[in-house]
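The values are calculated or read from the model by the stated rules, or taken from the named source; none is laboratory data. Just so it is clear, the structure is predicted and the values come from calculations on it, not from any experiment. No Cβ is skipped: glycine too gets one built from the backbone with ideal geometry, and neighbour counts run over all protein chains shown. Just the protein is used for accessible areas: all its heavy atoms, side chains included, with ligands, DNA and RNA removed. Shrake-Rupley method; radii C 1.70, N 1.55, O 1.52, S 1.80 Å.
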Amino acid sequence: MAVENAPRVLVTGAGGFVGQALVRALAVQAQVTATDRTGLDRSPPGVVTIPGDLDDPALLATLTATPFDAIVHLATIPGGAAEADPALAARVNVAATMALIDAVAAHGNVPRVLFASSIAVFGDPLTAHVDDATPLAPMLRYGAHKAMMEEWIATMTRRGAIRGLSLRLPGIVARPLGPSGMKSAFLSNLFHALKAGELITLPVSAQATCWLLSRPALIAQITHALALPEYPADARLTLPAQRVVMGDLVAEVARQAGADPALAAYAPDPALEAAFGTQPPLFTPRADALGLRHDGSLAALVSHALADL
């Protein structure tokens with residue numbers, strides 16, 4: 001349990017795959033307030049839970065009535081869901097995010113704001129390699145919304161209202177089965193299928209390359225970032241991730257799950273191959289210098305993801 005004088009942290013999207021694990025990690029060292037539409041019933045004892053829709057002004061007023069030391073903003077309408085409902089995506093991803101930042105900044109205590117951005121800001125097709133200087137060229141509404149909010153957080157940081165940092169998340173595995181609104185859901189479904197000894201058809205080729213991170217490694221990165229004494233001047237970081245070849249991933253998941261790799265078949269979809277199967281070498285020197293780390297190896301990534309199912 002966190003002591004009374006521990007920092008006060010607000011986590012949005014706290015009922016989600018990443019949010020639940022982050023709340024558990026933070027609850028031992030901070031006074032955590034968690035908000036989401038659902039999933040808050042699994043929050044640890046001592047966590048204040050306030051359910052609701054982030055684009056509801058009444059919820060926002062309740063959440064931000066008193067100041068927080070830090071905010072981790074995970075709530076979002078992701079890629080496929082954002083394309084299916086542009087109006088909802090704009091309300092949550094843009095309008096509600098800006099309103100949240102304005103509200104937490106209004107107390108004048110210059111809180112830390114960690115924003116879960118995405119590699120979707122780079123768009124597709126990607127350049128021959130991606131590093132800290134790669135320009136943004138989003139193709140999806142989701143990526144465009146993330147890029148817009150990165151700039152707004154950087155602007156509010158320059159204005160001295162917050163101390164902001166946008167973290168560009170890669171593919172995170174292995175998410176639960178079921179509808180997620182994410183076009184990349186097949187990356188997580190692979191782990192579930194092979195662990196259960198079930199057939200799966202992947203919408204990319206065996207040669208597809210993608211950037212992946214396990215949930216435990218991401219939680220370690222977020223908590224490390226919260227504790228950094230200073231944030232980068234431009235208020236954004238691309239997170240370290242492993243570049244994984246799909247055929248190698250299938251083989252390693254099968255090996256650790258005791259499954260036949262032939263359970264995984266390939267039926268490449270050109271759009272999904274372009275978006276999630278042609279990710280080039282990734283270089284993250286600024287994040288590396290700040291001590292943020294990925295899983296370390298393909299075997300470790302798979303082990304962490306399988307243990308986390």
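Selection of the range 135-171 for residues being over 28 Å from ALA84 (Cα atoms) and among the polar types (S, T, N, Q) yields THR155, THR157. Among the residues making up the range 6-34, those that are of a type outside the set (A, V, I, L, M, F, W, C) and either open to solvent by less than 30 Å² (accessible area, probe 1.4 Å) or in contact with a Lys or Arg (Cβ under 7 Å, 6 or more places away or on another chain) (or both) are THR12, GLY13, GLY15, GLY16, GLY19, GLN20, GLN31, THR33. Of the residues examined, THR209 is not one that is surrounded by fewer than 17 Cβ atoms within 10 Å (Cβ to Cβ), among the polar types (S, T, N, Q), modelled with pLDDT of 95 or more and under 22 Å from the mean Cα position of the chain (by Cα).
Taking SER117 and the conditions (1) among the polar types (S, T, N, Q); (2) assigned to a helix (DSSP H, G or I); (3) within 16 Å of the chain's Cα centre (by Cα), which numbered condition does it fall short on, given that it satisfies the others? That leaves (2) as the condition not met.
Looking at PRO67, PRO86, PRO51 in this structure, which one is free of Cβ contacts under 8 Å to residues at least 60 places away in the same chain and farther than 24 Å from GLU150 by Cβ? None of the other options fit; the residue is PRO51. Within the range 182-190, does at least one residue satisfy the condition of being touching a residue at least 60 places away in the same chain (Cβ under 8 Å), at negative phi, open to solvent by less than 20 Å² (accessible area, probe 1.4 Å) and touching a Cys at 6+ places or on another chain (Cβ under 9 Å)? There is at least one residue in the range 182-190 that is touching a residue at least 60 places away in the same chain (Cβ under 8 Å), at negative phi, open to solvent by less than 20 Å² (accessible area, probe 1.4 Å) and touching a Cys at 6+ places or on another chain (Cβ under 9 Å).
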